[in-house]
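Enquirer: Dumping the structure here so I can ask a few things about it.
The values are calculated or read from the model by the stated rules, or taken from the named source; none is laboratory data. A quick note: this is a predicted structure, and the numbers were derived from the prediction, not measured. Here the Cβ positions follow ideal geometry from the backbone for every residue, glycine too, while neighbour counts run over all protein chains shown. Areas reflect the complete protein model, heavy atoms only, side chains present, ligands, DNA and RNA absent. Shrake-Rupley method; radii C 1.70, N 1.55, O 1.52, S 1.80 Å.
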Amino acid sequence: MEFKKGLTIKPKVINSVGEVIFTDGTNDVVANQRVCEAYGYRYNAGKGTCEAFIYNTKINRTSNDVHNIIKGSKNTTNSGTENTFVLGKNNTTFGENKNSIVIGENNQIANQINNAAVISGTYAEATNQGEFVLGGGGFNEAVGMAQTSIIQQSGNTTDGTETSLLTQYLPLTYIQKVPNSVIGFEANVIGVNTGVGEGNAGEYGYVQVTGAVKFTNGLASTYHQSTTHIVQSGHSGMNITAQMKDVTATSFGIAVTGLEETFIQWTADIKLWRNNIQQTF
């Protein structure tokens, strides 16, 4: 792995309990939280360690875990992988993964990602809850360099305040940013009046958001997008809006704006096209 821009250390190896060992090119060193997270790992503040997965001594870290089906060669299911089907070669689940599917070669499901499916192709990674991924080959360099994925978000509004939808309707869960990438997106967003408050049950709005976002090495973002009302408010009953935007420093997703005193239930079907390069920008 190359050094991230502005950093003097990089990951060297992941040990048997999930800790990421870093090197300055000569000596083994300990990474702080900023460096750990810059390389896409999770920092354990309690232990002061950088982790690729959570080690669980109660669960075997082998492909013989109960309720997993592993077919092929050199596939790895790390600890906490449950009810998961892996078919192919050199595929990896990084642990604490439940109810997932990995088919193909050199594909991955990130730590603590559940109900995901890497359904075909090579060098793909699932990094979001419930994500459906098609691998694009990754230029035979690294996972996640070229892939297509589908993610579902949903939520509720009771007024005209802009609200970020939740991935799989899980609290504080949004789409993860990818450093050094350009991601094209198309989101079909539907809001339906529940009949509580103003308006009538069944009135709805349907908009499509299309565009692209560029994420720098430091995860700064630049969006270019347009919104189309697939069904005009005169026919559907509600004039709603939506846009793709940052939610946190490391995540993004669809944000919707409803109507005052109107209880709206929202869904967003989001398709993403990723082109991730190894050079930093």
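Enquirer: Each residue of region 158-163 in order: what ³J(HN,Hα) in whole Hz does its phi give by Karplus 6.51 cos²θ - 1.76 cosθ + 1.60, θ = phi - 60°, with x for Gly and Pro?
Expert: Karplus values, whole Hz, x for Gly and Pro: 10, 7, x, 7, 5, 9.
Enquirer: Report ASP246's accessible area, 1.4 Å probe, all protein chains in place, as a number in Å² to the nearest 10.
Expert: Taking all protein chains as shown, ASP246 has close to 50 Å².
Enquirer: Same structure, new question: Give, in whole angstrom and from largest to smallest, the semi-axes √(5λ) of the equivalent ellipsoid of the chain, with λ running over the eigenvalues of the Cα gyration tensor.
Expert: In descending order the semi-axes read 37, 21, 18 Å.
Enquirer: While we're here: Over all directions, how big on average is the projection of the convex hull of the alpha-carbon atoms in region 191-281, in square nanometres?
Expert: About 6.7 nm², averaged over all directions.
Enquirer: Given springs between every Cα pair under 10 Å in a Gaussian network model of the chain, which of VAL182, VAL29, VAL133 has the largest fluctuation?
Expert: Among VAL182, VAL29, VAL133, the largest mean-square fluctuation in the Gaussian network model of the chain belongs to VAL29.
Enquirer: While we're looking at this one, here's another question. Specify, per residue and in Å³, the volume enclosed by the convex hull of the alpha carbon atoms belonging to region 115-258.
Expert: Measuring per residue, one finds 115 Å³ for the Cα hull of region 115-258.
Enquirer: Per residue of region 30-42, in order, report the coupling 6.51 cos²θ - 1.76 cosθ + 1.60 (Karplus, θ = phi - 60°) as ³J(HN,Hα) in whole Hz, putting x for Gly and Pro.
Expert: Once rounded to whole Hz, the list reads 9, 8, 7, 4, 4, 5, 4, 6, 5, 8, x, 9, 10.
Enquirer: Collect residues whose amide H, placed 1.01 Å from N in the peptide plane, falls under 5 Å from the amide H of THR76; neighbours closer than 5 in sequence don't count.
Expert: ASN91, THR92, THR93
Enquirer: For the chain, what does the helix formula give at 222 nm: sum of -39500 (n - 2.57) over DSSP H segments with n ≥ 4, over the residue count, nearest 500 deg cm²/dmol?
Expert: Taking each H run of at least 4 residues, the total per residue is -500 deg cm²/dmol.
Enquirer: Got a sec to turn the phi values of region 105-116 into Karplus ³J(HN,Hα) couplings, 6.51 cos²θ - 1.76 cosθ + 1.60 with θ = phi - 60°, whole Hz, x for Gly and Pro?
Expert: Calculated HN-Hα couplings, in order: 9, 6, 9, 9, 10, 5, 4, 6, 9, 10, 6, 9 Hz.
Enquirer: Another question, if that's okay. Does region 24-170 come out rounded, prolate or oblate by the C-alpha gyration tensor, with a ≥ b ≥ c the root eigenvalues, rounded set by a/c under 1.5 and, if not, prolate when a/b is larger than b/c and oblate if not?
Expert: Verdict is rounded for region 24-170.
Enquirer: Shifting gears a bit: Would you work out the charge dipole size for the chain about its Cα centre, treating the Cβ of every Lys and Arg as +1 and the Cβ of every Asp and Glu as -1, and quote it to the nearest 20 debye?
Expert: That gives the chain a dipole magnitude of about 980 debye.
Enquirer: Related question: From largest to smallest, what semi-axes in whole angstrom does region 144-217 give when each is the square root of 5 times an eigenvalue of its alpha carbon gyration tensor?
Expert: For region 144-217, the ellipsoid semi-axes come out as 30, 13, 11 Å.
Enquirer: Sticking with this one: If you add up the charges near ASN90, with Lys and Arg at +1 and Asp and Glu at -1, over every other residue whose beta carbon is less than 15 angstrom from its beta carbon, what do you get?
Expert: Summing Lys/Arg as +1 and Asp/Glu as -1 gives 0.
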